[in-house]
1. Mind listing just one residue for me: the one in region 97-112 that is modelled with pLDDT of 85 or more and in a loop (DSSP other than H, G, I, E, B) and, of those, surrounded by the most Cβ atoms within 10 Å (Cβ to Cβ)?
2. Which of the residues belonging to region 80-94 are without any contact (Cβ under 8 Å) to a residue 40 or more places away in the chain and open to solvent by 80 Å² or more (accessible area, probe 1.4 Å)?
3. Does region 72-82 include one or more residues that are out of contact with any Lys or Arg (no Cβ under 7 Å at 6 or more places or on another chain), farther than 30 Å from Gly125 by Cα and modelled with pLDDT under 80?
4. If Ala139 satisfies all but one of (1) in contact with a Ser or Thr (Cβ under 9 Å, 6 or more places away or on another chain); (2) without any contact (Cβ under 8 Å) to a residue 40 or more places away in the chain; (3) open to solvent by less than 70 Å² (accessible area, probe 1.4 Å), what's the number of the condition it fails?
Amino acid sequence: MSQPSHQPCLSRRHWLATSGFGLGSLALGHLLQRDGRSQENKPNLEPTIYDTRPKPSPRPARAKAMISMFMQGGPSHHDLFDRKPELQKRHMTVFDGEIKYDNAAESSAKLFYGPWKWARHGECGMELSELLPGLASVADD
């Protein structure tokens, strides 16, 4: 059986020349294997196993108790810097506008003004809440 004329003749020499790096790569593989270096560059195909068990601490524990606090956010700017005189006037009255409730069972339409006192500080007259006594002492800085 003869090969069709439109397909090139694929001899062993042609396959060696075109696959990989040709005959040179075969010779290099043979030389590395002969010298025992072929194992050095092989990728590790075994899965890596990590030990995730708790490790002993370097020193023995001395704590008798721990306090864990989860605090979401901090005080509002209304409670710190932004005194709202109109809100103070309308404290604990029902808001007459429209409110879109996210959870109506736990919501209230009453307006609430914070219980903290306000005062002007420094030459600039910056109004600050009593929650920031350190900042009030350096208001002009």
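The values are calculated or read from the model by the stated rules, or taken from the named source; none is laboratory data. It should be emphasised that the depicted structure is a prediction, and the values quoted were computed from it without experimental measurement. Backbone-built Cβ (ideal geometry, glycine too); neighbour counts: all protein chains shown. Ligands, DNA and RNA are stripped out before the accessible areas are found, and what is left, the full protein with its side chains, is counted by its heavy atoms. Shrake-Rupley method; radii C 1.70, N 1.55, O 1.52, S 1.80 Å.
1. From region 97-112, those modelled with pLDDT of 85 or more are 110-112; that's our starting set.
If we keep only those that are in a loop (DSSP other than H, G, I, E, B) as well, we get 111-112.
Numbers: Leu111: 17, Phe112: 12.
Per the stated criteria, the residue is Leu111.
2. Step one: list which residues in region 80-94 are without any contact (Cβ under 8 Å) to a residue 40 or more places away in the chain, which gives 82, 84-94.
Once the filter is applied, which keeps residues that are without any contact (Cβ under 8 Å) to a residue 40 or more places away in the chain and open to solvent by 80 Å² or more (accessible area, probe 1.4 Å), region 80-94 yields Glu86, Gln88, Lys89, Met92, Val94.
3. Taking region 72-82 as the starting set, the residues that turn out to be out of contact with any Lys or Arg (no Cβ under 7 Å at 6 or more places or on another chain) are 72-77, 79-82.
After this cut, where a residue has to be farther than 30 Å from Gly125 by Cα as well, the list is 72.
Subsequent filtering for residues that are modelled with pLDDT under 80 retains 72.
Within region 72-82, one or more residues are out of contact with any Lys or Arg (no Cβ under 7 Å at 6 or more places or on another chain), farther than 30 Å from Gly125 by Cα and modelled with pLDDT under 80.
4. (1)
Conditions tested, residue by residue: (1) open to solvent by 100 Å² or more (accessible area, probe 1.4 Å); (2) part of a strand (DSSP E or B); (3) under 30 Å from Leu28 (Cβ atoms); (4) in contact with a Phe, Trp or Tyr (Cβ under 9 Å, 6 or more places away or on another chain).
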{"position": "Pro43", "(1), (2), (3), (4)": "no, no, yes, no"}
{"position": "Thr48", "(1), (2), (3), (4)": "no, no, yes, no"}
{"position": "Ser57", "(1), (2), (3), (4)": "no, no, no, no"}
{"position": "Lys64", "(1), (2), (3), (4)": "yes, no, no, no"}
{"position": "Phe70", "(1), (2), (3), (4)": "yes, no, no, no"}
{"position": "His78", "(1), (2), (3), (4)": "no, no, no, yes"}
{"position": "Gly114", "(1), (2), (3), (4)": "no, no, no, no"}
{"position": "Glu127", "(1), (2), (3), (4)": "no, yes, no, yes"}
